[in-house]
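**Student:** First the structure, then my questions, so here it is.
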Amino acid sequence: MNNKPLISVIICVYNADRYLLSAVESLIIQGFNSIEFVIINDGSTDSSENIIRDFISENKESFYIKYVRHENKGLTKSLNLAISMAEGKYIARMDADDISHPRRFLESIEFLEKNKLDLLSTKSTRFYENKEYSSIPKINANKIKINPELMKFGNPFVHGSFFGKKEVFINLKYDEEYRTAQDYDFLCRAFNAGYKIGYLNKELYKLRVDINSSGRNVNSKQSENAKFIVKKHFKTDRYLLINYKGIKRIILSLYKRFFYER
């Protein structure tokens with residue numbers, strides 16, 4: 001394989017041995033031979049290392065694969081390392097415990113290129129074991145142009161479903177000030193930079209809801225970071241949904257949906 005890959009999938013792994021094989025298998029069946037796997041093992045202490053090594057041994061003749069293991073530095077720093085290593089025309093995010101739909105890459109490329117987008121996210125289905133829950137976000141139509149003001153309510157998009165041109169990720173990187181909510185800040189900065197961001201209303205990504213799985217055991221700084229980010233970009237957190245409960249949250253959600261998601 002002498003040509004550069006079309007798609008670089010960046011996967012950051014931390015103690016994901018229960019689900020990692022299912023995650024990478026969902027990428028193998030995408031129907032693209034020109035896929036580069038950029039895998040960062042962020043100091044896993046379980047058997048993730050062995051699973052990754054076996055995957056590389058079994059697939060190194062079929063796919064481009066780059067692998068780095070380092071001490072635990074957190075998702076944000078691991079993502080930036082993976083981005084710096086990626087050589088594909090496009091970069092796709094993938095969490096090590098989630099599952100991509102078999103047509104995720106095909107549908108994403110077609111939607112991105114047809115609408116001249118720089119970055120997109122898709123609808124995702126939340127699941128645990130064999131049970132599927134509701135889909136997110138609650139936006140029920142394709143969006144060629146998302147209103148940037150939507151982000152002042154919080155980040156409705158699933159990080160693992162991000163798919164876009166490599167230069168977007170290279171130019172922006174993730175802000176290493178945030179160990180969590182880094183995707184929220186990334187999207188706000190992408191809008192501010194003038195990138196064209198779209199939303200594909202197809203369930204092409206499955207988000208695991210197991211709180212104990214890799215990357216889901218969010219520390220208390222998740223909400224704190226979200227509040228800091230929204231204030232940085234919008235000067236106020238009065239619209240941030242996580243600040244509210246009950247009827248106030250329902251009313252704000254309806255306001256958001258009617259004025260900003262249509």
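The values are calculated or read from the model by the stated rules, or taken from the named source; none is laboratory data. None of the values given here were measured: they were computed from a predicted structure. Positions of Cβ are backbone-derived with ideal geometry, glycine not excepted, and every protein chain shown enters the neighbour counts. Note: accessible area is taken over every heavy atom of the protein model, side chains too, but ligands, DNA and RNA are not part of it. Shrake-Rupley method; radii C 1.70, N 1.55, O 1.52, S 1.80 Å.
**Student:** With an 8 Å cut-off on Cα pairs and a minimum separation of 6 or more residues, tell me the relative contact order of region 108-262 in percent.
**Tutor:** 33
**Student:** Here's something else I'd like to know. Report the gain in length on full extension from LYS232 to LYS116: 0.36 nm times residue separation, minus Cα-Cα distance, nm rounded to one decimal. All intermediate terms of the calculation are to be shown ahead of the outcome.
**Tutor:** Values: separation 116, 0.36 × 116 = 41.76 nm, distance 2.88 nm.
The span from LYS232 to LYS116 would gain 38.9 nm if fully extended.
**Student:** Going 7 Å from the Cα of ILE170 along its beta-carbon direction, which residues of region 50-88 have the amide nitrogen within less than 13 Å of the resulting point?
**Tutor:** Only 83-88 pass the distance filter.
**Student:** For a Förster distance of 41 Å, can you work out the FRET efficiency between the beta-carbons of LEU254 and LYS89, rounded to the nearest 0.05?
**Tutor:** Computed FRET efficiency for LEU254 and LYS89 comes out at 0.55.
**Student:** Then there's this: What does DSSP give for the chain in terms of the percent of beta bridges that are antiparallel, rounded to the nearest 5?
**Tutor:** Details: 12 of 41 bridges.
About 30 percent, rounded to the nearest 5.
**Student:** As a test question: what accessible area, to the nearest 10 Å², does GLU61 have when a 1.4 Å probe is rolled over all protein chains in place?
**Tutor:** Roughly 150 Å² of GLU61 is accessible to a 1.4 Å probe.
**Student:** Give me the distance in nm between label points sitting 7 Å out from Cα along the Cα-to-Cβ direction at ILE144 and ILE247, one decimal.
**Tutor:** Label at ILE144, label at ILE247, 4.2 nm between them.
**Student:** May I ask you to rank PHE186, PHE234, PHE259 by accessible area, largest first, using a 1.4 Å probe over the protein chains only?
**Tutor:** Listed by decreasing accessible area, they come as PHE259, PHE234, PHE186.
**Student:** Residues in region 95-126, backbone N under 15 Å from the label point at VAL209 (7 Å along the Cα-to-beta-carbon vector): list them, ranges by number please.
**Tutor:** Answer for this model: 124-126.
**Student:** Would you work out the charge dipole size for the chain about its Cα centre, treating the Cβ of every Lys and Arg as +1 and the Cβ of every Asp and Glu as -1, and quote it to the nearest 20 debye?
**Tutor:** With Lys and Arg at +1 and Asp and Glu at -1, about 1460 debye.
**Student:** Also, quick follow-up: What number, in percent, do you get for the relative contact order of the chain if the mean sequence gap of Cα pairs under 8 Å and at least 6 apart is divided by its residue count?
**Tutor:** Once normalised by length, the contact order is 22 percent.
**Student:** Taking the dipole about the Cα centre of the chain, with the C-beta of Lys and Arg at +1 and of Asp and Glu at -1, give me whichever of ALA86, TYR199, THR45 is farthest to the positive side.
**Tutor:** My answer, from the dipole projection, is TYR199.
**Student:** For region 61-197, what is the relative contact order in percent, using Cα pairs closer than 8 Å and at least 6 residues apart in sequence?
**Tutor:** That works out to 35 percent.
**Student:** Would you work out if region 16-99 is rounded, prolate or oblate? Take a ≥ b ≥ c from the square roots of the eigenvalues of the alpha-carbon gyration tensor; rounded if a/c is under 1.5, else prolate when a/b is larger than b/c, oblate otherwise. Before the final figure, lay out the partial values.
**Tutor:** Details: a/c = 1.58, a/b = 1.17, b/c = 1.35.
The shape class here is oblate.
**Student:** Could you work out what % of the accessible surface of region 35-153 is carbon and sulfur, using a 1.4 angstrom probe and leaving DNA, RNA and ligands out of the count?
**Tutor:** That share works out to 47 percent.
**Student:** With a 1.4 Å probe and all protein chains kept in place, how do ASP95, ASP185, ASP17 rank by accessible area, largest first?
**Tutor:** My answer, sorted largest first, is ASP17, ASP95, ASP185.
**Student:** For a quick check, take a GNM of the chain with Cα springs below 10 Å and name the residue from SER62, SER161, SER121 with the largest mean-square fluctuation.
**Tutor:** Ranking SER62, SER161, SER121 by mean-square fluctuation puts SER62 first.
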